[in-house]
Amino acid sequence: MTSAPVRTARRDRAHLHEVDVVRLVTFGCVILVHSVAFTTAGSSVPAGAVTVLAHFTREAFFFLSAFVLFHATGDRTPRLRSFWAKRFFAIGVPYLVWTVGYWLLYVRSSALSASSLRALALDVGTGTASYHLYFLVVSMQLYLVFPVLLRLVRRTAGHHRALFAGSLAMQLAVLSLLQWTHPHGGFWGGLQASAYVLLPTYQFYFVAGALAAVHRERFRRWVVGHRATVAGVVVGTALLAEAAYAAQLLAGSSSAGADTPLQPVMVLWSLAVTVGIYALGCGYAARRRGGRFARAVEQASLASFGVYLIHPLVLQEVRAWWLTPAHIPPPVSTLLAWVCTLLISFAIVALVLRTPAAFPLTGRHRVRRTRDQRPVPATVLRAPGSGSSSGARRIVTGRPARSAASRWSRTRSSAGGDREVTEPASIASIRTGSRP
């Protein structure tokens, strides 16, 4: 009587192929946003219009992080020590490695000094070694409060619509304060300047992701059954986001200020486009039949976190060596930077994943490709007492060939100061949300 629920629980926590699609599309848009910032002027109105639509990425990732956490947890109550040890180790090691790496990159032209060491300590504590590492700091805050969020979601069972609405209202209020109030100095000024790296700034996406995971089957059925509605909402919120961007420009705001993701209109757009990409992922999962393309999607999803960590370095070098604005103007330079950064980053991470450096650099365990096990030719055994040409026969075959999905296996691993920053001015504001 207990075997069926166990099988159901295991099936519910199986790999979600639709999540691979959400992860890959969102990572692609992250690199697009940064490519725009690296190859265009901060005052470019067309660049800002593109950035507005591609700037849903941090919100989508936070939604996805909570979704995956709650999906993996299921009905269990995780042991806090083991949960925190596993999660903080998996994200903390790459965070420290890349923080030190980017710190060394930015101080390479200056002498090592007490000031630069103080800058390193600040970078470790705030995620400012590079403009994209704040994401890991916020993710660690999610792991820290996950038991509280889990208890909240479970204790409000039957009232999840009210929880969703209350969280949404709070998110809109917080972003309205961030957009329309500008304290100068003091505690509130410092708090506003650091809002991009604080979990309360993104609490709605964690709550929404958690609720979507708890009601995953219902959520999936609704998305699949209302694709036209989802598409219409995506288009409508995209137009709304662009209208808000244009209105701010007409009111005298700069392009870099008008395309920030930390504004109320981006809540609606980010949620809509995330659900829209999830709908695409559900369509992919329903039609997935294995083969090379499916394996490529899985491997790209596996490498995506490593790509996120390394892509600023690749993008900077691509721009410096190949795509200087004086030689190739935007939007051609933007497109080339995006494509080159994607391909080079994935190629590097694919190689790193097959080395002992996989875990410290990508947060993933080392991947090995095992030798295909080919089927052993069938052997015909005659039943005892049968004649040489007649009688019962028994077909004994060797071990069957391994399926394509099982050809990959993982080996388990032991589980500011004075700096010269080479980032263009248009990307220096990424950390505060006023640019990607």
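Restricting to region 195-232, name every residue that is part of a helix (DSSP H, G or I) and farther than 25 Å from H159 by Cα. Steps first, please.
In the first step, residues of region 195-232 are kept if they are part of a helix (DSSP H, G or I); the result is 195-197, 199-214, 216-225, 227-232.
A195, Y196, V197, R227, A228, A231, G232 - these are the residues of region 195-232 that are part of a helix (DSSP H, G or I) and farther than 25 Å from H159 by Cα.
Using the structure shown, decide if A72 is under 24 Å from F204 (Cα atoms), at pLDDT 95 or above, of a type in the set (G, A, S) and in a helix (DSSP H, G or I). Steps first, answer last, please.
Numbers: under 24 Å from F204 (Cα atoms): yes; at pLDDT 95 or above: no; of a type in the set (G, A, S): yes; in a helix (DSSP H, G or I): yes.
Criteria not met by A72.
Scan region 305-320 for residues that are surrounded by 22 or more Cβ atoms within 10 Å (Cβ to Cβ) and within 25 Å of H15 (Cα to Cα) and jot them down.
G306, V307, Y308, L309
Among V107, V124, V138, which is surrounded by fewer than 20 Cβ atoms within 10 Å (Cβ to Cβ) and in contact with a helix residue (DSSP H, G or I) (Cβ under 9 Å, 6 or more places away or on another chain)? Explain how you work it out, then say what you get.
On the way: V107 fails: surrounded by fewer than 20 Cβ atoms within 10 Å (Cβ to Cβ); V138 fails: surrounded by fewer than 20 Cβ atoms within 10 Å (Cβ to Cβ).
Exactly one of V107, V124, V138 is surrounded by fewer than 20 Cβ atoms within 10 Å (Cβ to Cβ) and in contact with a helix residue (DSSP H, G or I) (Cβ under 9 Å, 6 or more places away or on another chain), namely V124.
Just give me the residues in region 244-255 being surrounded by 12 or more Cβ atoms within 10 Å (Cβ to Cβ) and either β-branched (V, I, T) or part of a helix (DSSP H, G or I) (or both), in sequence order. Let's see the steps before the verdict.
From region 244-255, those surrounded by 12 or more Cβ atoms within 10 Å (Cβ to Cβ) are 244-249, 253-255; that's our starting set.
Residues satisfying the conditions are A244, Y245, A246, A247, Q248, L249, S255.
Checking T362 against (1) at pLDDT 95 or above; (2) crowded, with 23+ Cβ neighbours inside 10 Å: exactly one of these is not met. Which one?
The number of the failed condition is (1).
Return yes when T181 is more than 30 Å from L69 (Cβ to Cβ), of a type in the set (S, T, Y) and over 24 Å from the mean Cα position of the chain (by Cα) and no when it is not. First the steps, then the outcome.
On the way: more than 30 Å from L69 (Cβ to Cβ): yes; of a type in the set (S, T, Y): yes; over 24 Å from the mean Cα position of the chain (by Cα): yes.
The answer is yes for T181.
Could we say that Q192 is in a helix (DSSP H, G or I) and over 15 Å from F61 (Cα atoms) here?
Numbers: in a helix (DSSP H, G or I): yes; over 15 Å from F61 (Cα atoms): yes.
Spelling it out, Q192 is indeed in a helix (DSSP H, G or I) and over 15 Å from F61 (Cα atoms).
The values are calculated or read from the model by the stated rules, or taken from the named source; none is laboratory data. In this text the structure is predicted, and so the values were computed from the model without any measurement. Because the Cβ atoms are built from the backbone with ideal geometry, glycine has one as well, and the counts that use them run over all protein chains shown.
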